[in-house]
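**Student:** Structure in structure tokens, see below.
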Amino acid sequence: MKNIVVLVSGGGTNLQALIDAEKRGEIKGGKISCVIASKEGVYALERAAQNGIKSCVIPRKEYADIASYTKAVTDKLIEEKADLIVYAGFMTILDEQVVKAFPYKMMNVHPALIPSFCGKGYYGLHVHEEALKKGVKVSGATVHFVTEECDGGPIILQEPVAVENDDTPETLQRRIMENAEWKILPRAVSLFCEDRITIKDGKAYVDLK
Ligand code: GAR
């Protein structure tokens, strides 16, 4: 069984999707062993507690810079013997120390079809505000490996979602979560735990059988 450590910063609906998928037996070969939050008091911690999952908080604001924060998170991930690390609404960009310690063992869910609306500054509702500003007719979600380039690692799964004329950032966010993120994140996690993802020439290849 692979140890899955989930990093969170907010409400944790993607964490909930992972918990529910694990309960349904849809995460084959892995279990959520720990949740790490970057902030005290976030609802994701409540979800971990309600489901008997160990959690801890490593508060971003207590560290002077990103290097010392990344070191603290990396040490904790090593201590937890993480086999897979999932960024599930984790809003801090860690530096290369963690990428070197866990190469192609970290994945992130992003609420757009990468390479659109991604990179530094594109997180949470801002992503959907920009998509609506541009007038795109299709958006969606992407699960990708975390590398040193923000939102630039190999793409594992993507799911498109139609944009409606009367969408607000909030309605678009909700539709993308329900119809894309909550489906492809657990699927990608299971594929990883079943050793069905390979990296070749900087791209991820998924064995869909
Ligand atoms: C999700 O939409 C996730 O894709 C996004 O933040 C939300 C977190 O919701 N992540 C990013 O924008 C990362 N760049 P959640 O806490 O309810 O899972």
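The values are calculated or read from the model by the stated rules, or taken from the named source; none is laboratory data. Bear in mind that the values here come from a model prediction, so they are computed numbers and not experimental data. Positions of Cβ are backbone-derived with ideal geometry, glycine not excepted, and every protein chain shown enters the neighbour counts. These accessible areas exclude ligands, DNA and RNA; they are computed on the full protein's heavy atoms, side chains included. Shrake-Rupley method; radii C 1.70, N 1.55, O 1.52, S 1.80 Å.
**Student:** Got a sec? Which strands (runs of 3 or more DSSP E) wholly within segment 11-95 have at least 3 residues that are within 21 Å of ALA180 (Cβ to Cβ) and open to solvent by less than 20 Å² (accessible area, probe 1.4 Å)? Quick ask: steps written out before the conclusion?
**Tutor:** Values: elements: 30-37, 55-57, 84-87.
Here the list reads 84-87.
**Student:** Hey, another quick one. Out of segment 1-10, which residues are in contact with an Asp or Glu (Cβ under 6 Å, 6 or more places away or on another chain) and open to solvent by 40 Å² or more (accessible area, probe 1.4 Å)? Talk me through it step by step, then tell me what you get.
**Tutor:** Of all residues in segment 1-10, those in contact with an Asp or Glu (Cβ under 6 Å, 6 or more places away or on another chain) come to 2-3, 5.
Scanning segment 1-10 gives a single hit, LYS2.
**Student:** Turning to a different aspect of this structure: Quick one: how many residues across segment 158-167 are open to solvent by less than 40 Å² (accessible area, probe 1.4 Å) and within 13 Å of the ligand (Cβ to nearest atom)? Don't jump to the end; show me each part of the working.
**Tutor:** As a first pass, look at segment 158-167 and keep what is open to solvent by less than 40 Å² (accessible area, probe 1.4 Å): 161, 163, 167.
Checking the rest, the ones that are also within 13 Å of the ligand (Cβ to nearest atom) come to 161.
Residues that pass the stated criteria total 1.
**Student:** Search segment 117-144 for residues being open to solvent by 30 Å² or more (accessible area, probe 1.4 Å) and within 17 Å of the chain's Cα centre (by Cα), and hand back the single one that is nearest to the ligand (Cβ to nearest atom).
**Tutor:** So the residue we want is TYR123.
**Student:** Next question, about the same structure. Check ARG24 against each of (1) in contact with a helix residue (DSSP H, G or I) (Cβ under 6 Å, 6 or more places away or on another chain); (2) away from the ligand (no atom under 15 Å from the Cβ) and name the one condition it does not meet.
**Tutor:** (1)
**Student:** Please go through segment 157-209 and give me each residue that is under 14 Å from the mean Cα position of the chain (by Cα) and of a type in the set (Phe, Trp, Tyr), ordered by number.
**Tutor:** TRP182, PHE192
**Student:** A further question follows. Within segment 168-183, is even one residue free of Cβ contacts under 8 Å to residues at least 60 places away in the same chain, away from the ligand (no atom under 13 Å from the Cβ) and farther than 20 Å from THR13 by Cα?
**Tutor:** Checked against the condition, which is being free of Cβ contacts under 8 Å to residues at least 60 places away in the same chain, away from the ligand (no atom under 13 Å from the Cβ) and farther than 20 Å from THR13 by Cα, segment 168-183 yields no hits at all.
**Student:** Here are LEU208, LEU191, LEU185: which of them is touching a helix residue (DSSP H, G or I) at 6+ places or on another chain (Cβ under 9 Å) and either open to solvent by less than 30 Å² (accessible area, probe 1.4 Å) or outside any loop (DSSP other than H, G, I, E, B) (or both)?
**Tutor:** Working: LEU208 fails: either open to solvent by less than 30 Å² (accessible area, probe 1.4 Å) or outside any loop (DSSP other than H, G, I, E, B) (or both); LEU191 fails: touching a helix residue (DSSP H, G or I) at 6+ places or on another chain (Cβ under 9 Å).
Just one listed residue meets the conditions, LEU185.
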